[in-house]
Each structure stands twice: as structure tokens, then as C-alpha cells.
Amino acid sequence: MTKHLSKSVAIVGAAESDLGKVPGMTSLDLQAQAAARALRDAGLTLQDVDGVFAHVDDKFAGLHLAEYLGIRPRYVDSTSVGGMSSVMHVRHAMAAIEAGMCEVALVAYGSTQLSDGTRKVGGTPEDMRMPRGQFITPYGQLSPIGYYAMVAQLHMQRYGTTHKDLAEVAVAARKWAQLNPKAYRREETSIEEVMASKMIADPLRQRDCCLVTDAGGAVIVTSAARARTLKRPPVYVMGIAESFSHHYTPFNTADWLDTNVAQTADAALEMAGVTRADIDVVQIYDHFTIGVIQSLEELGFCKRGEGGAFVADGRLAPGGDFPINTSGGGLSYNHPGQFGMLLLLEAVHQLRKECGERQLPKAELALVHAPGLVFSCNTTLILGV
Ligand SMILES: CC(=O)SCCNC(=O)CCNC(=O)[C@H](O)C(C)(C)COP(=O)(O)OP(=O)(O)OC[C@H]1O[C@@H](n2cnc3c(N)ncnc32)[C@H](O)[C@@H]1OP(=O)(O)O
């Protein structure tokens, strides 16, 4: 249905804010810093921006960012659906640009969860306000780690996945991080070290969980026609799809491992007119090691239940035959409150061949996948140069 929109818009500017621990900044500061850098990258100015797409833990995110930047856009979208929001905003920007409602869209995200100590592992008042809260939170279920721990338990019980399989994902991420000067954790690690790290929510140990860092990022999306007049090589949106299944906890679904991921992967690939085998760069949300195994299966890179075997023997790491998350991912690079923006940025950097030591030799087509909440929704994006 959206096939005709393939290559109708492109990312023409992309930048991270300062990363890691950034004291003295607010999430708005980080968004604005990233926005200024992304605009400079594109050769555009704030006056060119007429669409703002932002999400932070604030329902007025787009409005606040526009006001902070001193601009008066004619289109604002502050939809927040968890980790995938920034990736989904690229689709919403495409729709708005194609409908003539804006021409230069700023997509931004920022979080200072490390510096301001706002990341809580569970039992927050917000949890209690959600419908599930009263039945789950009082019993000590940590959010979202506890939910993914239950998914991991089920995966292990049903398919024989082991903790060593999970650890493979964490070690591969660290090996990529060692090639990325901006990564937060770059020290050597091993399968044994991951497996011996402190238990957080059985079977997920500390090193199975993403980092808590500050970070922000921004991309500039515009029409293909405008993109061709700018200084950067356009990174085209070849295909993109989003899908929603349930609210937050998978325990309301018939099978916790059942997701809508394949639906968005198939739709995005079809829109792009390419197959899984054509993809050079894969960026997958790694909030927890089990999330990567589950995503690889659900995206159709292997069958459900085979993800553990798929990631074995360093396959995802530098030098492996299925490299993913070349930045070091949320597990070792940076993980602000939500990771979609950083996944998107790494895909753009790979396609523009600006990744230094971690640059993949062939990088023409990228697949970015991000879920929201606990695989409650997801977006798949195919980018190409
Ligand atoms: C939509 C979504 O994206 S869902 C995901 C949202 N994010 C999360 O849920 C965050 C998950 N992670 C966490 O909550 C925490 O990192 C935990 C609970 C796993 C670990 O917490 P703690 O053991 O209390 O560690 P704490 O956060 O205090 O950090 C202690 C040290 O361990 C480090 N550390 C934490 N996780 C890791 C890791 N995976 N690898 C290496 N070091 C780590 C920290 O960087 C910190 O180092 P420092 O003292 O040098 O700064």
C-alpha cells in the first residue's frame, strides 16, 4: 500500500548530542544540541524546520522543543510509544512531508536518566497507574527487566536457549564498543564474566541488561527532491512499517513470544522492494540480551526457537558473518531512556561510511528494528543509499 512512498523522503542530517554522563544538561538541552548538530550536518538552519517530531517522558515534547528552539513549526508530533518512537517518527515525518504538511522535519530525542537518576527498575507510581500495575507491581515485578526475564525464562524452557547464548550477545556488543571511541563501556569482557555478573531478574544478569546513560540524537528528514539540493548524500527511506498488538505486558497475550514483528519486517521489505538477503547493516534494539535473540527470530533471520544457536561463536561480533549493532548497542555503547534514535543514527553513519574502525565493508542497505514497551508495538525501517 505504501510502496509508492519508497524513496520519497531522505535523512539529510544526523547527529548525536554529548553522550554518556552529561551533567548539568536537561533532556531538552540534549535534544537541542543534537538538533543544531544535525542541521549543521545537513547544511540547513532552524528557520528551515517546519515539522517537529519529538518524544521524551513528556506528552508535550514536540511543543516544548519547538519553543526551546524558538521556532513555530506547522506540524508537531509528540507520539510516545516507548523505545521505537524515534524510528516511528521517521514514518510519521514521511507521511506529513508527502501530504505537504511540512517539508523539513526535525526528529529528536534526549534523556538525562543517568545524571538525574530517573531510571527506576520498577514499582514506580506510573506502573501503578497502568491497568496491569495493581496486579503485578505490588508483587515485586521489576519493569521492564522483570518482563523480559519472564520472556527469557519461557524461551529457555521451550527451546533450550542457555545463558551462554544470551552472553554471546553481550560479548559481541562489547567487541563492537571497543571499536567505538564514543562507547560508554569499552573494557574487555568474556562469556564467563557476563555469566558471573550479578543477578538482576533471573535469568537476566547485570551484563544482560542495557546501560543507563544520558544521550540524545536528531535526524533531519526532507523530501527526496529537497534532499538532492543539499550537501550530504541522501539516506533514503526505502521501506518502513509500524504495528501495534497490546499494551505493555506480554502476559495479556495468548503466547508471550508471539509478536507483530514479522508483519512490519515483511511490509517494510516489500515497500523497499528488497529481501532479507539484500541487507548489509542490521541494527536491533538490545535493551536486554534476550531481546536480540527474540528480534532476530521474529524478523525472520532465523526460525523461532533457533536464535540461541544463531548467535553462537561470535557471529554477531566484529569479524562474524552476521554483524549487528556496530556501535556497541544499548548493552555497551549508550542507552538513554529509549534507544531507537541511537539505532537509527548508527545505521545512517554506516550507510554514509563514517564509522572508522567499525565501518562495515559493504553498507548500502540497512535494516533498523525497534520495539516499543514489551514488544507491544514495533517499527521496521529500511534505509538505503
Ligand atoms: C524501552 C527500553 O528501552 S527498556 C530498557 C530501559 N532501560 C533499562 O531498563 C535499564 C536496564 N539497566 C539497569 O537498570 C541497570 O543497569 C541494572 C539494574 C542492570 C544494573 O544496575 P546496578 O547493578 O545497580 O548498576 P548501576 O546502574 O548502579 O551501575 C553500576 C556500574 O555498573 C555498570 N554497568 C551497569 N550495567 C552494565 C553493563 N551491562 N555492562 C557493563 N557495566 C555495566 C555501570 O555503568 C556502573 O559503572 P560505574 O560505576 O563505572 O559508572
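The values are calculated or read from the model by the stated rules, or taken from the named source; none is laboratory data. For clarity, every value in this text was computed on a predicted model and none was experimentally measured. Heads up, the Cβs are rebuilt from the backbone with ideal geometry, glycines too, and the neighbour counts pull from every protein chain shown.
If you check HIS92, HIS55 for being within 17 Å of the chain's Cα centre (by Cα) and surrounded by fewer than 24 Cβ atoms within 10 Å (Cβ to Cβ), only one passes: HIS92.
Results for (1) without any contact (Cβ under 8 Å) to a residue 40 or more places away in the chain; (2) surrounded by fewer than 17 Cβ atoms within 10 Å (Cβ to Cβ); (3) on the phi < 0 side of the Ramachandran plot, shown as yes or no for each residue.
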{"site": "ARG158", "(1), (2), (3)": "no, yes, yes"}
{"site": "LEU166", "(1), (2), (3)": "no, no, yes"}
{"site": "VAL171", "(1), (2), (3)": "no, no, yes"}
{"site": "GLU192", "(1), (2), (3)": "yes, yes, yes"}
{"site": "LYS198", "(1), (2), (3)": "yes, yes, yes"}
{"site": "GLY216", "(1), (2), (3)": "no, no, yes"}
{"site": "ILE220", "(1), (2), (3)": "no, no, yes"}
{"site": "VAL235", "(1), (2), (3)": "no, no, yes"}
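Those helices (runs of 4 or more DSSP H) of segment 280-385 in which 1 or more residues are touching a Gly at 6+ places or on another chain (Cβ under 6 Å) and touching a residue at least 24 places away in the same chain (Cβ under 8 Å) occupy 289-298, 340-351.
For segment 22-36, filtered to residues that are within 16 Å of the ligand (Cβ to nearest atom) and either without any contact (Cβ under 8 Å) to a residue 40 or more places away in the chain or closer than 12 Å to SER111 by Cβ (or both), the residue that is surrounded by the most Cβ atoms within 10 Å (Cβ to Cβ) is SER27.
A quick yes/no check of all residues on (1) closer than 24 Å to TYR236 by Cβ; (2) buried (at least 24 other Cβ atoms within 10 Å of the Cβ); (3) within 16 Å of the ligand (Cβ to nearest atom):
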{"position": "ASN334", "(1), (2), (3)": "no, yes, yes"}
{"position": "GLN338", "(1), (2), (3)": "no, yes, yes"}
{"position": "LEU351", "(1), (2), (3)": "yes, yes, no"}
{"position": "GLU354", "(1), (2), (3)": "yes, no, no"}
{"position": "GLN359", "(1), (2), (3)": "yes, no, no"}
{"position": "ALA366", "(1), (2), (3)": "yes, yes, no"}
{"position": "THR379", "(1), (2), (3)": "yes, yes, yes"}
{"position": "ILE382", "(1), (2), (3)": "yes, yes, no"}
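Exactly one residue out of LEU351, LEU342 is in contact with a Pro (Cβ under 9 Å, 6 or more places away or on another chain) and under 17 Å from SER85 (Cα atoms): that is LEU342.
Applying the set (1) in the same structural domain as ASN325 (by the TED database); (2) more than 16 Å from GLY340 (Cβ to Cβ) to SER295 leaves exactly one unmet item: (2).
Here is a yes/no grid of residues against (1) of a type in the set (Lys, Arg); (2) under 20 Å from HIS349 (Cβ atoms); (3) buried (at least 20 other Cβ atoms within 10 Å of the Cβ):
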{"residue": "ARG207", "(1), (2), (3)": "yes, no, yes"}
{"residue": "ALA224", "(1), (2), (3)": "no, no, no"}
{"residue": "ALA227", "(1), (2), (3)": "no, yes, yes"}
{"residue": "ARG232", "(1), (2), (3)": "yes, yes, no"}
{"residue": "MET238", "(1), (2), (3)": "no, yes, yes"}
{"residue": "PHE251", "(1), (2), (3)": "no, no, no"}
{"residue": "LEU257", "(1), (2), (3)": "no, no, no"}
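Identify, please: which residue in segment 165-194 is away from the ligand (no atom under 13 Å from the Cβ) and more than 24 Å from the chain's Cα centre (by Cα) and is, among those, nearest to GLY356 (Cα to Cα)? Ranking the candidates gives ILE191 first. Condition (residue is more than 16 Å from the ligand (Cβ to nearest atom), modelled with pLDDT under 95 and closer than 22 Å to GLU346 by Cα) applied to segment 260-278: is it met by at least one residue? No, segment 260-278 contains no residue that is more than 16 Å from the ligand (Cβ to nearest atom), modelled with pLDDT under 95 and closer than 22 Å to GLU346 by Cα. Being over 23 Å from ASP116 (Cβ atoms) and touching a residue at least 12 places away in the same chain (Cβ under 8 Å) is a property that VAL9 has. Filtering segment 270-299 to residues that are small (Gly, Ala, Ser) and in contact with a helix residue (DSSP H, G or I) (Cβ under 6 Å, 6 or more places away or on another chain) leaves nothing. Residues that are crowded, with 22+ Cβ neighbours inside 10 Å, under 18 Å from TRP176 (Cβ atoms) and β-branched (Val, Ile, Thr) occur at least once in segment 275-283. Selection within segment 183-236: residues that are polar (S, T, N, Q) and outside any strand (DSSP E or B). The member of this set that is nearest to SER111 (Cα to Cα) is THR213. Of all residues in segment 1-22, those satisfying the criterion of being part of a loop (DSSP other than H, G, I, E, B) and charged (D, E, K, R) are LYS7, ASP18, LYS21. Can you find a residue in segment 295-302 that is more than 20 Å from the chain's Cα centre (by Cα), more than 14 Å from the ligand (Cβ to nearest atom), under 17 Å from GLY160 (Cα atoms) and not aliphatic (A, V, I, L, M)? Checked segment 295-302: at least one residue is more than 20 Å from the chain's Cα centre (by Cα), more than 14 Å from the ligand (Cβ to nearest atom), under 17 Å from GLY160 (Cα atoms) and not aliphatic (A, V, I, L, M).
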